[in-house]
Each structure stands twice: as C-alpha cells, then as structure tokens.
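**Q** Submitted below is the structure of interest, expressed as structure tokens.
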Amino acid sequence: MPADTAHGNPPIWLPDDAEARSSQLGKFCEFIAKKHRAPISSYAELQQWSVDSRDEFWQSIWDFFDIAADGERQPVLSGSTMPGIHWFPNAYLNYAEHALRHGADDAVAMIGVVEPGTSVTYTWGQLRAQVASLASWLRRRGVINGDRVVGYLPNGPHAVIGLLAAASIGAVWSVCGQDYSPAAAAARLGQLEPTVLIAADGYHWNGTTRDRRDAAEELRRSLPTLRECVHVPHLGLAIRDDELWTPWQDTIADPAPLQFDRVAFDTPLWVLFSSGTTGQPKGIVHGHGGVVLEHCKLLGLHFGLSGGDRFTWYTTTNWMMWNLVVSGLLTGATIVVYDGSPVHPTPRRMFELAAETRARMLGVSPGYLLAAEKAGVEVGDLDLGALTTLGSTGSPLPPQSYFWVRDHLGPRVQLASGTGGTDVVSGFAGSTPNTPVWPGEISAVNLGVALESWDDDGHPQVGEVGELVVTRPMPSMPVAFWNDPDGRKYREAYFSRYPGVWRHGDWVTVTPRGSVIVTGRSDSTLNRHGVRLGSAEIYQVVEAFPEIAEALVIGAELDGGRYWLALFVVLAPGVVLDTELDARLRSAIASQASPRHVPDDIIALTSLPHTRTGKKLEIPVKRIIQGVPPAVAASRDAVDDPAALTQFERYAGGVRQGPSDRDLRRDQP
C-alpha cells in the first residue's frame with residue numbers, strides 16, 4: 001500500500017514498501033483480498049473497510065489470529081445502540097490460553113529486569129509450568145470463576161504469572177503498584193471483595209529498595225474478604241508472619257497440568273481503575289474476548305509483533321500499558337518487564353534496557369523523551385540494531401521530539417505515537433508498518449475504530465478541533481463499571497452528551513490526510529473570548545525551552561465574569577524566572593501557539609502535581625483556583641505529590657493584581 005504524502009508538510013518517516021508488504025499487516029491485507037475478494041490499495045481504504053464492514057473485519061481478525069473458542073461466532077454482536085452491545089454472545093474462550101499457546105518450551109517468553117541491572121529469564125515452558133502450578137493452588141483453595149484475585153505488586157514476572165493463573169480459571173484479576181499507600185490500594189481493590197491477595201515485599205526506585213512488607217500487612221487487614229495471602233520475595237526479604245502469609249514458592253511448588261476454563265466472551269478478565277482524582281476510583285471491567293481480539297489487532301497489525309520479537313514499554317502495574325505489555329504474549333513475542341525508575345542512573349536507562357534485551361519495540365512517555373532531549377542523552381554507543389519502533393503515549397508528543405528521535409535513533413526507527421485510554425485498554429489512533437509519520441501528528445485512526453472529531457452541534461469535521469468521539473462499538477469497550485448494576489455511571493461517563501456515541505473527553509483534529517492531532521482534554525480546553533486552544537499546544541511551545549523542566553497551563557472562569565489564564569512552570573536547576581525569560585515565553589506562545597492565549601500570569605513553582613501514572617492534574621488545579629478545596633478537587637491518594645496540589649489554594653480566585661505583579665509570578669523558595 002503506497003504512503004500518503006499528498007497533504008501538508010512532508011513526513012519525517014516513510015515505510016519501506018518491501019517491509020510493509022512482509023509485515024503482519026501486509027499479510028493481513030493479502031488475507032482479506034483472498035477471503036473477501038476485496039483488494040486493498042491503501043491503509044485509508046483498509047481502515048474505512050474495517051469500519052464499514054464491521055462484522056467481516058472482526059471475523060477476519062478472528063480467523064487471521066486463529067482464535068481458539070467453543071460455541072458459535074454468530075452473531076458478531078447483539079444489540080443496536082451503545083452501550084447495550086454484546087460481542088460474540090455465543091462464543092467461549094480464555095485470554096490466558098491465547099497468551100500461553102505460543103513458543104517452544106525452551107524459547108524465551110519473558111525477561112524480568114530490575115533497576116540494579118540484574119535480570120531473570122523465563123522460557124515458555126517455565127512460564128506455562130508456573131502459571132499451571134499457581135492456578136492449581138488457587139483451585140485447591142476454592143477459587144472459582146468470578147472470584148477476585150488481586151495483586152499489590154511491582155512490574156515483574158510475579159504479576160504476569162498471577163494475572164495468567166487467575167484468568168486461566170475464570171477468576172478476575174486486578175493489581176495496584178506498591179507506590180500506592182495501603183489506603184489507596186484498599187480504596188481500589190477493596191471494592192472487588194477479593195479472595196486472594198498476592199503482595200511483594202517491596203520494589204526498586206531511584207537507586208534504593210523500598211520495603212513494603214508493613215504496607216502489605218496493612219492492606220491485608222483492610223481487605224476482610226481475603227481467604228489467602230501470598231508473599232512474593234521480589235527483594236528477597238523474609239516473611240514477617242508465616243501463619244498469615246504463604247510463600248510464593250509454595251504456590252508454584254507442585255507441578256500441575258495447564259488447564260483453561262473457556263468462558264463467555266464478555267466474562268470479566270480484569271478490573272482497571274480510573275485515577276480517582278475526583279472521587280472513588282471507578283473500576284473499569286474488560287472481558288476476555290474483547291481484550292483478545294483488540295490486543296491481537298493492535299499488537300499484531302499496528303505494532304507488527306510476532307513470534308520471537310522482544311517488546312517492552314516503561315510502565316508500572318497501575319497503568320493500562322502494563323496490561324498491554326502482558327498481551328504481547330498473545331502474538332508470541334517475548335515481553336520485557338522492568339521494575340525501577342526510567343531515569344536512574346541516567347535518563348538514557350530505557351535505551352540501555354532496549355539494547356540489553358534486544359528489544360524490537362520500546363515504548364516510553366512523551367515526558368521521558370523530552371527529559372532525554374533536555375539532558376543531552378546520546379545513544380550512539382548502544383547496540384540498538386534490533387529496535388525498529390519507538391512507541392509513545394500518555395500525552396501529546398510535541399513535534400521537536402519526532403526530530404530528536406530521528407536524529408538520535410536513526411531514520412529507519414519508526415516513532416509510533418498513539419492515543420487511547422484505560423477505558424478501552426487500547427488505542428484509538430496510532431501507527432502501522434505502512435503509515436508515514438508526520439511531526440506532531442498521530443499517523444492514522446486505528447483499524448476497527450470509527451473515530452471522528454465533532455463540533456459543538458455534533459457534526460463531524462475535518463481540519464478543525466473538536467470532541468473525540470467513537471460512533472461505533474469496539475470489542476474492548478468496558479463490559480461494565482464495577483458496582484454499577486444499572487449501568488448509570490457507565491452511561492454518564494461516555495454517553496451522556498451524545499446518546500449512543502462514545503465521547504472520550506479528548507480534544508482532537510482529524511487532518512485531511514487522516515492523521516490525528518491531540519491537543520488535550522476537552523474539559524480543560526483554554527477558551528478565551530470564545531477562541532479555544534488545547535493545553536498541549538501551549539506545552540509544545542513552553543516545554544521546548546531548556547529553562548523549563550515542566551509546565552501546567554490553566555484557564556479558569558472566575559467570579560464577576562473574569563477569565564484567568566495562568567502558566568505555572570517548574571524551572572531547570574539554576575534558572576530564575578526573570579523579566580527576560582518571561583518575555584521570551586510570552587512571545588513564543590503568541591507566535592507559535594496563539595496571540596489570544598498569552599497567559600495573564602507566568603508563575604514559577606518548585607513542583608507540579610500528577611496522577612500516579614504521570615498525567616498532569618489540569619482539572620483538579622482548575623477547580624482549586626475556582627475555589628474548590630483541594631480535598632474535594634482530588635483524592636490525596638491519587639496524587640503523586642499532595643503538597644504540590646494544595647499549594648494552588650493560594651491562587652484561588654486568580655491573581656487579582658494582574659500580570660504586572662512580579663512577586664506573585666515568582667513563587668520560588
């Protein structure tokens with residue numbers, strides 16, 4: 001399929017035609033042409049067919065990836081209007097079966113790496129054996145289909161084995177990273193009334209080890225429904241009470257046959273939790289079948305993974321990207337799980353990890369790439385010959401990062417920026433082996449996704465910023481929210497504004513060539529004098545300054561009809577926000593983003609607040625500025641640095657003195 005270069009600026013990366021034809025996506029196109037007599041000449045044509053011929057497309061995904069199931073594949077879905085849709089209602093399958101069916105017993109399935117640099121390798125045979133033993137132990141303890149097995153675990157092999165063992169018997173899995181306090185973990189896992197807790201003794205971070213045995217015990221006491229607790233010696237620390245905790249080694253000591261209970265397509269597989277910044281975290285339930293289909297499509301066709309490839313993404317167990325990394329097993333790829341800081345001992349640590357493990361695909365966040373650029377990271381001495389794709393997601397990726405990746409990793413490494421969400425545990429838009437890459441843009445809408453940008457009246461538009469909506473169902477949309485028996489919370493979250501249409505809450509532009517530009521959350525859009533601008537467009541300008549470590553821009557409607565547009569910045573070490581830097585920031589915003597959105601005030605702070613997965617807390621900060629108490633605006637347990645959030649109380653009502661008040665614009669110690 002030829003690349004699209006007809007619109008706008010030239011791409012920074014173009015696919016190689018021979019590589020594209022030999023990729024999994026190229027093979028899928030040949031498969032489609034033979035099966036449906038529908039020759040595909042471009043990715044845009046394939047994407048449109050995947051939406052218009054929904055049933056044929058998803059049945060083709062089923063066949064191409066050889067999905068193993070009992071029952072019937074008809075109908076593909078029942079129901080007529082979202083969210084009342086059920087996919088493959090007569091089919092029965094199991095996620096763990098598909099994750100563990102690849103690879104010879106002596107081939108490498110998983111590599112666990114910790115921050116100090118030590119690693120452990122699991123062959124497919126070892127992984128299957130440990131999953132079978134743990135599943136047998138769970139069964140002997142009375143765990144059955146529908147029971148909940150939860151983890152308080154870092155990103156390591158034990159979490160992967162726990163998920164697969166629980167899934168193999170139809171139990172529901174959920175996990176929290178150990179950076180969460182016991183109370184924060186209990187606020188999430190306690191909703192599930194779990195039967196079994198698997199908890200580690202601690203984790204690695206920034207050159208230290210964090211002993212979490214006391215935290216695990218406190219969490220155990222907070223979960224009254226537990227029947228069993230398992231101690232994982234991730235750091236090699238001893239069990240404090242062996243009458244209450246079973247050693248991990250005991251749970252995998254007895255060999256057992258590998259068995260899979262095939263369950264209904266929509267049977268809950270895992271529960272992921274929203275950030276919980278504005279109330280009790282929402283438990284988002286995904287089903288076995290939807291995850292299998294969606295992740296085979298995303299990882300196999302978009303990422304191009306197959307047997308023998310090595311795949312890693314920097315994540316913690318709190319973020320949906322951990323689930324996606326585990327799903328790399330669905331394609332037969334070897335997954336690499338990493339416990340530690342991505343920037344210790346230096347900001348090039350993730351590139352070192354990719355070199356050490358011979359990763360074909362490495363995934364990071366936009367923040368990591370920006371930090372690497374500002375730190376002057378060089379990777380020319382690393383053997384990155386296996387690396388073909390660098391993934392990026394979590395927030396919009398600024399154009400300069402595209403050039404940095406090209407200049408430092410070489411012209412043949414594809415930068416695959418994507419957008420999606422925990423809500424669908426997948427992507428809405430991203431890249432494929434045959435889509436070009438344009439700086440500042442996500443290459444294309446993903447297969448099977450009916451994504452559009454809608455204006456205020458609910459009309460689709462091209463080339464204009466609007467609400468990201470999905471007009472037709474995706475298999476991995478939530479089965480339900482936990483403890484939402486009538487579905488009210490689920491409908492309010494996604495379908496209240498446009499009945500029957502998924503509104504995601506992102507502010508996007510679909511370009512004439514079909515690429516996608518994300519400019520921030522639609523509920524934090526900067527709307528001054530009726531002219532709207534996404535916060536990402538400000539960050540792209542401001543965070544390109546070497547003097548700025550990070551920025552947060554807030555547009556708040558205040559009393560008396562006032563609108564306060566404030567830019568909060570964390571400065572690089574040794575930098576002072578003086579008149580000259582202030583003026584340069586304002587000039588850059590006016591010329592590169594919008595003259596209507598030059599801030600009223602630029603204020604230097606020592607830190608900014610984020611969710612536990614690293615996302616900026618724009619909405620809670622805006623609410624605090626509008627007078628909402630911090631404890632109401634965001635849950636303390638959901639914030640990485642609560643003090644960084646409460647500091648915004650001093651700006652409630654805005655800076656009334658205006659932009660000439662220099663003292664209020666510098667809040668440096």
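The values are calculated or read from the model by the stated rules, or taken from the named source; none is laboratory data. Here the structure is a predicted model, which means the values were calculated and not measured. Glycine also receives a Cβ, built like all others from the backbone with ideal geometry; neighbour counts cover every protein chain displayed.
**Q** Just to be sure before I move on: is residue 330 in a helix (DSSP H, G or I), at pLDDT 95 or above, more than 24 Å from residue 437 (Cα to Cα) and out of contact with any His (no Cβ under 7 Å at 6 or more places or on another chain) in the structure I sent?
**A** Criteria not met by residue 330.
**Q** Can I ask one more? Within the range 497-542, track down each residue that is in a strand (DSSP E or B), among the charged types (D, E, K, R) and touching a Leu at 6+ places or on another chain (Cβ under 9 Å).
**A** Filtering the range 497-542 for residues in a strand (DSSP E or B) gives 502-510, 516-521, 526-528, 531-533.
Imposing the further condition that a residue be among the charged types (D, E, K, R) reduces the set to 503, 506, 521, 528, 532.
Answer for the range 497-542, where residues must be in a strand (DSSP E or B), among the charged types (D, E, K, R) and touching a Leu at 6+ places or on another chain (Cβ under 9 Å): 503, 506, 528, 532.
**Q** Taking the conditions exactly as written (under 23 Å from residue 100 (Cα atoms), touching a residue at least 24 places away in the same chain (Cβ under 8 Å), touching a Leu at 6+ places or on another chain (Cβ under 9 Å) and not basic (Lys, Arg)), does residue 350 satisfy them or not?
**A** Judged against the criteria, residue 350 is not a match.
**Q** Continuing with the same structure: Return a yes/no flag: does the range 46-64 have any residue that is at pLDDT 95 or above, buried (at least 16 other Cβ atoms within 10 Å of the Cβ) and part of a loop (DSSP other than H, G, I, E, B).
**A** So far as the range 46-64 goes, no, none of its residues is at pLDDT 95 or above, buried (at least 16 other Cβ atoms within 10 Å of the Cβ) and part of a loop (DSSP other than H, G, I, E, B).
**Q** Now for a separate question. Would the range 230-242 turn up any residue that is of a type in the set (Val, Ile, Thr), at pLDDT 95 or above and either exposed (fewer than 13 other Cβ atoms within 10 Å of the Cβ) or under 30 Å from the mean Cα position of the chain (by Cα) (or both)?
**A** Yes, the range 230-242 contains at least one residue that is of a type in the set (Val, Ile, Thr), at pLDDT 95 or above and either exposed (fewer than 13 other Cβ atoms within 10 Å of the Cβ) or under 30 Å from the mean Cα position of the chain (by Cα) (or both).
**Q** In the range 483-496, how many residues are part of a loop (DSSP other than H, G, I, E, B) and within 20 Å of the chain's Cα centre (by Cα)?
**A** The number of residues fulfilling the criteria is 0.
**Q** Which residues, counting only those in the range 208-228, are touching a residue at least 24 places away in the same chain (Cβ under 8 Å) and either more than 27 Å from residue 113 (Cβ to Cβ) or part of a loop (DSSP other than H, G, I, E, B) (or both)?
**A** Matches in the range 208-228: 212, 217, 218, 220, 222, 223, 225, 226, 227, 228.
**Q** Restricting to the range 436-476, what's the tally of residues that are in contact with a Ser or Thr (Cβ under 8 Å, 6 or more places away or on another chain), closer than 15 Å to residue 513 by Cβ and part of a loop (DSSP other than H, G, I, E, B)?
**A** So the answer is 7.
**Q** Across the range 229-249, what is the total count of residues that are without any contact (Cβ under 8 Å) to a residue 24 or more places away in the chain and part of a helix (DSSP H, G or I)?
**A** Total meeting the criteria: 1.
**Q** While we're looking at this one, here's another question. Looking at residue 585, is it crowded, with 21+ Cβ neighbours inside 10 Å and either assigned to a helix (DSSP H, G or I) or of a type in the set (Ser, Thr, Tyr) (or both)?
**A** Working: crowded, with 21+ Cβ neighbours inside 10 Å: yes; either assigned to a helix (DSSP H, G or I) or of a type in the set (Ser, Thr, Tyr) (or both): yes.
Yes: the conditions hold for residue 585.
**Q** A follow-up question, please. Name the residues in the range 399-444 that are of a type in the set (S, T, N, Q) and surrounded by fewer than 20 Cβ atoms within 10 Å (Cβ to Cβ), would you?
**A** 400
**Q** Looking for something modelled with pLDDT under 85 and not acidic (Asp, Glu) - is there at least one such residue anywhere in the range 628-635?
**A** Yes, some residue in the range 628-635 is modelled with pLDDT under 85 and not acidic (Asp, Glu).
**Q** While we're here: Give the number of residues within the range 636-653 that are surrounded by 19 or more Cβ atoms within 10 Å (Cβ to Cβ) and under 21 Å from the mean Cα position of the chain (by Cα).
**A** The number of residues fulfilling the criteria is 3.
**Q** Residues of the range 342-399 being more than 26 Å from residue 438 (Cβ to Cβ), aliphatic (A, V, I, L, M) and not in a loop (DSSP other than H, G, I, E, B), which ones?
**A** 353, 355
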